[in-house]
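The values are calculated or read from the model by the stated rules, or taken from the named source; none is laboratory data. What you see is a predicted model, and the numbers here were worked out from it, not measured in a lab. With ideal geometry, Cβ positions are generated from the backbone for all residues, glycine too; neighbour counts draw on all protein chains shown. What goes into the accessible areas is simple: the full protein's heavy atoms, side chains included, and nothing from ligands, DNA or RNA. Shrake-Rupley method; radii C 1.70, N 1.55, O 1.52, S 1.80 Å.
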Amino acid sequence: MNKRLREKCVAALLLLLPAAAGAQTVDERALLLMRGSDGLSLSRLLIEHKDSLSEGVLAAGNAFVRGCQGDAKQAAKLMRRALKKYSDSFDGPLEAQLTFGVALQQHRCGRDRQAVKTLRRFLQTHDSFAMKTLFQQYERLFGASRAYRQKWKGALDASIPFRLDSVGPPEARSVAVMLRPVVNGQAVDMMLDTGATMHVVSRSVAEQLGLQMTDISIFLDGMGENCGWLAIAKTLRIGNVEARNVPFCVLDDTALADDLAETAHQKNIIGLPLLQQWGCVQFDFKSQTMHASADETIDERNLSCGFSDNGLLLEVRHHGNRLQLIPDMGATHSAVNARQLTGQQHYLTDYLPHREVEFVGWGGRTAGREYVYPQFDMAVGRTVVTLPQMSVLEGGDYESRLGMDFFSRCERVTIRLTYPAGLSVMPRH
C-alpha cells in the first residue's frame, strides 16, 4: 500500500477519537501501532493491557499481530471476523486499512480471487475517492496475480549460490549480495534486496529480458515516490529451482540517480518475494550460499511482517533500548533515525562528529545530517554484534535500516517469514 496515503488516511481517525482516559488511551496507542505496522510493540501492548482494551480493538489487534508474525491465513480469518462483529468500533480510515490488510493476507495465501472480492465489497459501500483509487489499483494487481499465477518447481530445500561484490566508490568499502538468475533464458546479475517489496528492473533491462509489460501501475517508495509498471517474466531459474510468471516492477531508467559508481548495482533487484516462497532462509556468508527450507525453526520472535504492506521490521536492543530497523541487504550501510535514540540527543550533538551527507537510489537523492556513533552494539536475540560505527541520521524522513556492514560481519543469518517470524545471527569468530 502507498505508505504516505495510508498514513494520511489513518491519521484522520486519531483526530476523531474522543479524549477519554484509561481504556480509550490504550486503544489509541494500539491504533497508532497498527497504523505504523508495528506488530512487535503491539504484541507487547496486548499482553500488558489486555483487560484495558475495548473488545473491538483487542480483536483487531490480535489478528494484526498474527499477520505480522507470518500466519496470513489465520490473520485474514480473524480480521474479517473482527471487522464484521465490531464494525461500529472502527472509523472509515482504519476500516479501510484493516480491509486492505485482509486482502493482502489473502493474496499472500494465494487466494487472489478472495482478495479481489474483499476490495470490491468495500468499494460498494464507501465513496472515498482516495480509497477507491487505491483499492482499484490493488484490485487490478491481485487480479493479475490470479491471471499470471506464479508457480515454483524444484527442490523444496533450495540451495542458491551468491557473490559478495564490492560496489560503489572504493573508499566506501561497500558490498552487496549478488545473484545470477536466468530470466526468460538470459542470465543476468541482480542484487538481493530484502528491503524491496517487489523485484525491480529498469525499462531498458525489462526490454532486454523480454518481460511481458502490462498497463497496471505500481507505486514504490524509495528516495522518492516512484511510479512503475507491472511486468511478467515467463520463467526465472535460480539455483536448483525454477519459477513461472514472476512479477516485476519496471521503472524508467531516469528514476535511478545517474551516478553509475554509486548505483550501478541497484539497476536490477531481486526483492523480498524470493524469500517468501519458502518458510525459512539461511544465508551462509562463509560458503556464500543461500539455503531455503519450508520447515526450519528458530527461537527468535523479533521479526514483524507488515500487515497492510509487504515490508519487514526487526527489533534489536542497544544499551537496553529497543530499536526497530528494516533488515535490508540492499543497503550497503546501516543507519538509525535520530528519533529512535531517545535520551542520547545531547551525546549526539555535543560529542559526536557529524557531516552533511547525500543518499542515492531509486527516486533520486536526499540530503541530511549524519552523526558517526562509534562502537555501536546491537543485540539480536541473545547475540551481540558490534559495528565499528553507526550512521545516525537527522533532518530527513529516514527509515532505520540494518545494512550489509552488519550482515557481512555474520557467519550465518537465518530469516523465518512464516509463523512465528524471527531472525537470528551467528557472528564470525
*asked:* Restricting to region 395-429, and then to whatever is touching a Phe, Trp or Tyr at 6+ places or on another chain (Cβ under 7 Å) and part of a strand (DSSP E or B), can you tell me which residue is surrounded by the fewest Cβ atoms within 10 Å (Cβ to Cβ)?
replied: 411
*Which one is farthest from residue 184 (Cα to Cα) among residues in region 203-225 that are at pLDDT 90 or above, part of a strand (DSSP E or B) and open to solvent by less than 40 Å² (accessible area, probe 1.4 Å)?*
216
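To keep it simple, each residue is scored yes or no on (1) closer than 19 Å to residue 309 by Cβ; (2) surrounded by 13 or more Cβ atoms within 10 Å (Cβ to Cβ); (3) modelled with pLDDT of 90 or more.
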position	(1), (2), (3)
107	yes, yes, yes
116	yes, yes, yes
122	yes, yes, no
131	yes, yes, no
138	yes, yes, no
143	no, yes, yes
146	no, yes, yes
154	no, yes, no
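Where in region 275-322 are there strands (runs of 3 or more DSSP E), lying fully within it, with 2 or more residues that are crowded, with 20+ Cβ neighbours inside 10 Å, among the aliphatic types (A, V, I, L, M) and out of contact with any Cys (no Cβ under 9 Å at 6 or more places or on another chain)? If you could, list the steps in order and put the result at the bottom.
Details: elements: 280-284, 289-293, 303-305, 312-318.
It comes to 312-318.
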*Under 7 Å by Cβ, and 6 or more places apart or on different chains, what pairs join a residue from region 309-334 that is touching a residue at least 40 places away in the same chain (Cβ under 8 Å) with one that is among the basic types (Lys, Arg)?*
309/3; 315/322; 325/401; 326/401; 328/401; 331/401; 334/401
*Restricting the first residue to region 34-52 and requiring it to be touching a residue at least 60 places away in the same chain (Cβ under 8 Å) and surrounded by 20 or more Cβ atoms within 10 Å (Cβ to Cβ), which pairs with a second residue that is polar (S, T, N, Q) and assigned to a loop (DSSP other than H, G, I, E, B) meet a Cβ separation below 8 Å and a spacing of at least six or different chains?*
37/308; 39/69; 40/302
*Could you check how many residues of region 379-393 are within 14 Å of residue 352 (Cα to Cα) and either part of a loop (DSSP other than H, G, I, E, B) or touching a Leu at 6+ places or on another chain (Cβ under 8 Å) (or both)?*
1
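Looking at 175, 188, 183, 200, can you tell me which residue is out of contact with any Phe, Trp or Tyr (no Cβ under 6 Å at 6 or more places or on another chain), surrounded by 19 or more Cβ atoms within 10 Å (Cβ to Cβ) and modelled with pLDDT of 95 or more? It would help to see each step written out before you state the result.
Numbers: 175 fails: modelled with pLDDT of 95 or more; 188 fails: surrounded by 19 or more Cβ atoms within 10 Å (Cβ to Cβ); 200 fails: modelled with pLDDT of 95 or more.
Selected residue: 183, the only one of 175, 188, 183, 200 that is out of contact with any Phe, Trp or Tyr (no Cβ under 6 Å at 6 or more places or on another chain), surrounded by 19 or more Cβ atoms within 10 Å (Cβ to Cβ) and modelled with pLDDT of 95 or more.
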*Odd one out for residue 352, checked against (1) open to solvent by less than 30 Å² (accessible area, probe 1.4 Å); (2) under 24 Å from residue 236 (Cβ atoms); (3) at pLDDT 85 or above*: (2)
